[in-house]
Amino acid sequence: MSLPAERLLLDNDFMHDPHTAAAALREKGPVLPVVLPTGLPVWLVTGHEQARTLLMDARLSSHGVYDRLERLRELSDGKPSTFSSDLARHLLNVDPPDHTRLRKLVNKAFTPRTIAGLRPRIVQIADELIAEFRTEGPVELLEAYAYPLPIRVICELLGIPADDRESFSTWSSVLVSAASPEEIGRASASMAQYLTELLERKKNAPTDGLLSALLEISEDGDRLTVSELVAMTFVLLIGGYETTVSLIGSGLLALLRNPDQLAALRADPGLLPDAVEECLRYETPNNLSSPRYTTAPVDIDGVTIPAGEFVMVSLLGVNRDGSQFDDPDRFDITRSAGGHLGFGHGIHFCVGAPLGRLEGEVALGRLLASYSRIELAVPAGKLKWRASTAMHGLESLPVLLD
């Protein structure tokens, strides 16, 4: 059976009230042809079982997906792409064997032991930021804590100079926003130029940090080229920064809106790892998966996706699928949240997942250890979500601390 070619047009509620939008889509079917608020026609997956199946299906390709997306965009508005192609050739946009090679090389430097060793430094950074909070009135937690913590961590890990953090933060925010193609193009070009120059300097004069390590890592004589590292650094920065910002902000909001769960976590800090997993499930930081396209017709749950179609998974939607999670709209830090797709699934499972989990655990844990009372400074209904189909995060989070 094939669904009619007529597509559902998704409006801005898909970004600003995503859980309601995902639930409505799931009622129509777990795999549907839609047009995203950005204008991109895709087959959107909101069913958990179907998402796991499709994310493992080799007929869904990432190879050349960037070029396909840009051709489609150019046909729609008649303007050539301004996004830097140097940033687009990353892990999420290639298939095996290229993906296998790149992943193997980055995994040799980005090891669990390396990430676990960052805990003392992340705790130190969190405590330093908390010490700088204003002493009277509300604190804008995203600006004072959720943004600076992960950008400091990822820049220190990669070996990017401290003076350049603000530029990276600005470029990154534009790249995952609903900004105009021209703004995104300028931000991508600035980031690509900076990374290319930085990597060339590190190639000639190695320093501490993951970038220098990646330049030196080899596998049977194979190494990453500077252009490959530019794209790799881009995806590590976005994944290691933007995802954690959203995790910290929306995770704390979920705790504040569920005081029984906040009290349970205060009573037993050993629940922090489970709390982070539930935050990843309940308010998934990554709204949609990276796009892929079908290389052949794909049958899934009685629906045929034709060849040559873009497919994306609503990671946020599948993590509230009642067929996978009991009472999915209930925030419960004691639930077994195993099986959530907060970091994706299959070969493109997020390489930075261990870092994101560690940062979320430290960030929330140090806040709760530092303040006996944390309350929203505005009604929860006045908080707004970012206008982004890529990331699911708050625009602001003013809190009162005691």
**Message:** Please verify whether R257 is surrounded by fewer than 16 Cβ atoms within 10 Å (Cβ to Cβ), under 24 Å from A387 (Cβ atoms) and touching a residue at least 12 places away in the same chain (Cβ under 8 Å), treating the condition exactly as stated.
**Reply:** yes
Over the stretch 212-228, the set of residues surrounded by fewer than 24 Cβ atoms within 10 Å (Cβ to Cβ) and either hydrophobic (A, V, I, L, M, F, W, C) or assigned to a helix (DSSP H, G or I) (or both) is S212, A213, L215, E216, I217, L224, V226, S227, E228
Taking the stretch 349-402 and keeping residues farther than 30 Å from D57 by Cα, assigned to a loop (DSSP other than H, G, I, E, B) and among the aromatic types (F, W, Y) leaves Y371
Counted residues in the stretch 43-56 being among the aliphatic types (A, V, I, L, M), buried (at least 24 other Cβ atoms within 10 Å of the Cβ) and farther than 14 Å from F14 by Cα come to 2
Is at least one residue of the stretch 296-309 within 26 Å of H16 (Cβ to Cβ) and either within 18 Å of the chain's Cα centre (by Cα) or not charged (D, E, K, R) (or both)?
no
Residues of the stretch 326-383 being at pLDDT below 95, closer than 18 Å to A275 by Cβ, more than 16 Å from the chain's Cα centre (by Cα) and hydrophobic (A, V, I, L, M, F, W, C), in sequence order, are A337
Checked pairs for the stretch 309-321, first touching a residue at least 40 places away in the same chain (Cβ under 8 Å) and more than 20 Å from R7 (Cα to Cα), second crowded, with 23+ Cβ neighbours inside 10 Å and aromatic (F, W, Y), C-beta under 8 Å and 6 or more apart or across chains, list as N319/Y282; R320/Y282
- Task: Return yes or no: is E242 over 22 Å from K108 (Cβ atoms), in a helix (DSSP H, G or I), modelled with pLDDT of 95 or more and not hydrophobic (A, V, I, L, M, F, W, C)?
- Result: no
Result of the Cβ filter at 6 Å on the stretch 378-402, keeping first residues that are more than 22 Å from N286 (Cβ to Cβ) and partners that are assigned to a helix (DSSP H, G or I) and hydrophobic (A, V, I, L, M, F, W, C), at least 6 apart or interchain, is V399/L141
Scanning the stretch 327-348 residue by residue, the ones that are assigned to a loop (DSSP other than H, G, I, E, B), touching a residue at least 24 places away in the same chain (Cβ under 8 Å) and under 22 Å from Q50 (Cα atoms) total 10
Screening D321, D301 for residues that are closer than 29 Å to L25 by Cα and surrounded by fewer than 20 Cβ atoms within 10 Å (Cβ to Cβ) leaves only D301
Filter the stretch 64-121 for residues that are of a type in the set (A, V, I, L, M) and over 23 Å from H345 (Cβ atoms); the one that is modelled with the highest pLDDT is L118
Of the listed residues (S167, S188), the one being among the hydroxyl-bearing types (S, T, Y), surrounded by fewer than 17 Cβ atoms within 10 Å (Cβ to Cβ) and closer than 28 Å to A146 by Cβ is S167
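The values are calculated or read from the model by the stated rules, or taken from the named source; none is laboratory data. Keep in mind that this is a model prediction, so the values were computed, not measured. Heads up, the Cβs are rebuilt from the backbone with ideal geometry, glycines too, and the neighbour counts pull from every protein chain shown.
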